[in-house]
1. Can you give me the long-range amide H partners of residue 77? Hydrogens built in the peptide plane at 1.01 Å from N, cutoff under 5 Å, separation of 5 or more residues or another chain.
2. Which peptide among 56-68, 89-101 comes first, and what is the full order, when sorted by highest mean count of other Cβ atoms within 10 Å?
3. What are the ³J(HN,Hα) couplings of segment 88-97, residue after residue, when phi is run through the Karplus curve with 6.51, -1.76, 1.60 and θ = phi - 60°? Round to Hz, x for glycine and proline.
4. So if R0 is 25 Å, what FRET efficiency would residue 27 and residue 64 give, r being the distance between their Cβ atoms, rounded to the nearest 0.05?
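FYI, it's all coordinate maths here, none of it is from the lab. Treat the numbers as computed from the prediction; the structure is a model and nothing was measured. All Cβ positions, even for glycine, are placed from backbone atoms using ideal geometry, and neighbour counts span all protein chains on display.
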Amino acid sequence: MRSAILLCLSVCAFVPALTLADQVIREVPETTAGKGYGALTGLMIGAAAGPIGAIAGVGAGFWMGGTVQEASDLSGTAYEIENSQGERSIVRSPNARFTPGQKVTQKGARLVAQPD
């Protein structure tokens with residue numbers, strides 16, 4: 001009896017993960033590092049003008065950091081994915097490469113290709 005219950009729980013836990021695959025929509029540039037360094041630099045420079053300058057510096061540095069990283073071709077790789085409910089999100093994937101239309105599974109903060 002105990003093994004039947006464990007089998008049912010296992011099937012219920014793993015079957016939805018196999019049937020509800022996410023799909024890669026497109027590849028997008030990932031510029032989080034540039035935005036972070038830009039915001040920090042803007043904060044330090046803008047702080048010389050006081051609290052309002054610090055806030056303005058963070059905003060300007062965030063925007064410029066991402067722009068500079070993307071323009072210098074140092075941006076990472078991220079993918080816009082769509083789940084089975086139609087919701088879209090962007091997930092970083094620095095090591096694995098995917099193509100638009102490919103079925104993937106999200107494990108934590110990473111994407112894993114699903115076998116066809």
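1. Residues meeting the amide H criterion: 30, 93.
2. Going from most to least packed, we get 56-68, 89-101.
3. Taking θ as phi minus 60°, the curve returns 10, 8, 10, 10, 5, 8, x, 9, 8, 10 Hz for segment 88-97.
4. The pair residue 27/residue 64 has a calculated efficiency of 0.60.
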